[in-house]
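For reference, the structure discussed in these notes is given below.
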Amino acid sequence: MIIIMKPNVSRQEIKAMIERIKKMKLEPHLLRGTERNVIAVVGDERNLQRQPLEIMPGVESVVAVLKPYKLASRESKRERTVVKAGSLSIGGEKLAIIAGPCTVENRSMLLHTAKAIKRLGAGGMRGGAFKPRTSPYAFQGLKNQGLKILAEARRQSGLPIITEVLDPRDVSVVARSADILQIGTRNMQNYELLKAVGQQRKPILLKRGMAAGIDELLMSAEYIMAQGNYQVILCERGIRTFNDYSRNTLDLTVIPALKERTHLPVIVDPSHGTGKRDYVIPMSRAAVAAGADGLLLEVHPHPERAMIDGQQSLSFEEFGELMDDLKKLAPIVGRNM
Ligand code: PEP
Ligand code: MN
């Protein structure tokens with residue numbers, strides 16, 4: 001259920017409505033818009049008495065939200081959400097380009113990469129400190145030391161940092177160093193982790209599970225938002241299909257499908273989506289043409305020597321070429337760089 005408030009609603013009227021909803025043992029979520037404020041009501045709707053709410057001061061209308069995801073739904077919020085992290089905005093007209101290595105390997109490579117991608121026009125930096133690996137014997141990331149290096153890269157470059165959190169116990173330490181917390185494909189349905197990142201206020205980059213449908217992705221976003229953190233960015237990173245020529249199948253159809261269903265921004269990771277360096281540039285262009293709000297790209301100073309995912313990492317030169325292409329493409333699809 002959503003309660004659409006009148007454009008001239010007063011603070012007291014909003015406050016009274018929130019109190020009223022709490023009294024019904026339901027949870028109010030105030031979604032502020034530039035034109036309208038909306039109060040989304042979640043919980044057991046049997047407790048909801050619609051009529052008395054409709055006649056309360058400041059109310060324009062009370063509408064049922066049919067989708068199972070309420071806060072993430074476009075029915076609750078027509079305006080698109082723009083997620084902000086430092087100097088980076090995701091979901092506005094400007095494309096959000098986030099680049100960096102799969103993992104933080106050491107201080108000098110990370111600082112060197114930060115400087116290079118900044119010069120080439122990236123708006124944010126990625127780099128995993130806690131790595132989810134298929135093999136328990138593979139390098140699992142530099143962990144806390146990696147977080148320190150990422151924080152130093154931010155200080156030097158000014159680029160906001162995006163890094164993955166794997167465990168609810170690490171959320172507060174990762175949130176101290178990162179500007180955006182990444183939930184990886186393997187954890188999209190780790191509900192305890194989703195709740196934990198929902199309870200803090202740094203934005204979340206939520207990757208689509210490699211076998212997840214669109215409603216499952218949106219329900220995972222809802223888990224985060226239901227805790228009061230509305231700053232969620234969705235990320236298509238490829239799904240498992242019978243295709244045997246790329247690591248995953250990058251599902252670009254999901255971009256317009258998500259835009260239809262949610263107000264949240266959508267970005268694309270063509271590095272994990274294809275698993276092949278030569279496919280990353282064409283699929284990046286395709287993602288932007290299809291309406292993606294940004295890209296998450298693996299970029300490494302020496303892809304052939306990368307500890308993880310070198311086969312899908314762009315060199316600085318290739319990243320520069322892609323940025324030049326995007327500068328030409330962006331205005332054609334109503335974006336800027
Ligand atoms: C990553 O971004 O490095 C990563 C591990 O991604 P995913 O969860 O999409 O596999
Ligand atoms: Mn990777």
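Against the test of being under 25 Å from GLY228 (Cα atoms) and either not hydrophobic (A, V, I, L, M, F, W, C) or not assigned by TED's automatic domain parsing to the domain that holds GLU216 (or both), the options LYS67, LYS148 yield a single qualifying residue, LYS67. Considering (1) within 24 Å of ASP269 (Cα to Cα); (2) more than 16 Å from ligand 2 (Cβ to nearest atom), the lone condition that GLU79 does not fulfil carries the number (1).
Scanning the range 196-250 for residues that are acidic (Asp, Glu) and either within 16 Å of ligand 2 (Cβ to nearest atom) or touching a residue at least 24 places away in the same chain (Cβ under 8 Å) (or both) gives ASP215, GLU216, GLU222, GLU236.
Filtering the range 8-24 to residues that are within 24 Å of ALA72 (Cβ to Cβ) and outside any helix (DSSP H, G or I) leaves VAL9, MET24. With the requirement that a residue be surrounded by fewer than 22 Cβ atoms within 10 Å (Cβ to Cβ) and either within 16 Å of ligand 2 (Cβ to nearest atom) or polar (S, T, N, Q) (or both), what does the range 260-282 give you? Across the range 260-282, the qualifying residues are GLY275, LYS276, ARG277, TYR279. Scanning the range 212-243 for residues that are surrounded by 23 or more Cβ atoms within 10 Å (Cβ to Cβ) and either more than 14 Å from the chain's Cα centre (by Cα) or not assigned by TED's automatic domain parsing to the domain that holds GLY198 (or both) turns up just one, GLY238. Scanning the range 25-35 turns up at least one residue that is assigned to a strand (DSSP E or B), of a type in the set (A, V, I, L, M), surrounded by fewer than 22 Cβ atoms within 10 Å (Cβ to Cβ) and not assigned by TED's automatic domain parsing to the domain that holds ARG176.
Out of GLY146, GLY128, GLY213, GLY158, one residue alone is touching an Asp or Glu at 6+ places or on another chain (Cβ under 6 Å) and either among the hydroxyl-bearing types (Ser, Thr, Tyr) or over 19 Å from PRO265 (Cβ atoms) (or both). It is GLY128.
The values are calculated or read from the model by the stated rules, or taken from the named source; none is laboratory data. None of the values given here were measured: they were computed from a predicted structure. For neighbour counting, all protein chains shown are included, and Cβ atoms are generated from backbone atoms with ideal geometry for every residue, glycine included.
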